[in-house]
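Here is the structure we will look at.
The values are calculated or read from the model by the stated rules, or taken from the named source; none is laboratory data. Computed from a predicted structure; not experimentally measured. A quick note on method: Cβ atoms are made from the backbone with ideal geometry, for glycine too, and the neighbour counts reach across all protein chains shown.
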Amino acid sequence: MGLVLAGSFAFFLLLGVPVGLAIGVSGLLIVFLNGFPLEMIPQTMFSGNESFALVAVPFFVLAGDILAKGGISERIIAFAEATLGRFRGGLSI
């Protein structure tokens with residue numbers, strides 16, 4: 001299975017097919033050759049989104065945007081500079 005996947009990927013690249021399309025077509029070729037049920041494709045795609053770490057990323061970005069728009073980030077930097085700025089390498093920003 002791995003040799004078929006690598007071989008088909010290399011074949012499509014030698015034909016000049018874009019890399020993303022070559023990966024997708026090679027993957028679909030493996031799915032059809034091995035007889036995997038087609039319901040497995042969206043199920044596998046969406047099961048990766050259930051990770052708690054991946055859910056936390058947009059909220060982390062949102063919190064950073066709220067801090068930047070509210071002006072609190074400048075005050076945090078000013079506080080850190082006032083308390084640690086006198087030390088060499090104290091403010092590593």
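How many residues are out of contact with any Gly (no Cβ under 8 Å at 6 or more places or on another chain) and surrounded by 10 or more Cβ atoms within 10 Å (Cβ to Cβ) when one looks only at the range 48-64?
8
Which condition breaks for G90 when tested against (1) among the small types (G, A, S); (2) in contact with a helix residue (DSSP H, G or I) (Cβ under 9 Å, 6 or more places away or on another chain); (3) part of a helix (DSSP H, G or I)?
Single failed check for G90: (3).
Out of curiosity, is V19 surrounded by fewer than 12 Cβ atoms within 10 Å (Cβ to Cβ), β-branched (V, I, T) and at pLDDT below 85? Explain how you work it out, then say what you get.
Details: surrounded by fewer than 12 Cβ atoms within 10 Å (Cβ to Cβ): yes; β-branched (V, I, T): yes; at pLDDT below 85: no.
It is false that V19 is surrounded by fewer than 12 Cβ atoms within 10 Å (Cβ to Cβ), β-branched (V, I, T) and at pLDDT below 85.
Which pairs do you get when a residue that is assigned by TED's automatic domain parsing to the domain that holds V61, found in the range 73-93, comes within reach of a residue that is at pLDDT 85 or above, reach meaning Cβ atoms under 9 angstrom, with the pair 6+ apart or on two chains?
Close Cβ pairs (under 9 Å, with a partner that is at pLDDT 85 or above) amount to S73/G64; S73/L67; E74/A68; I76/L67.
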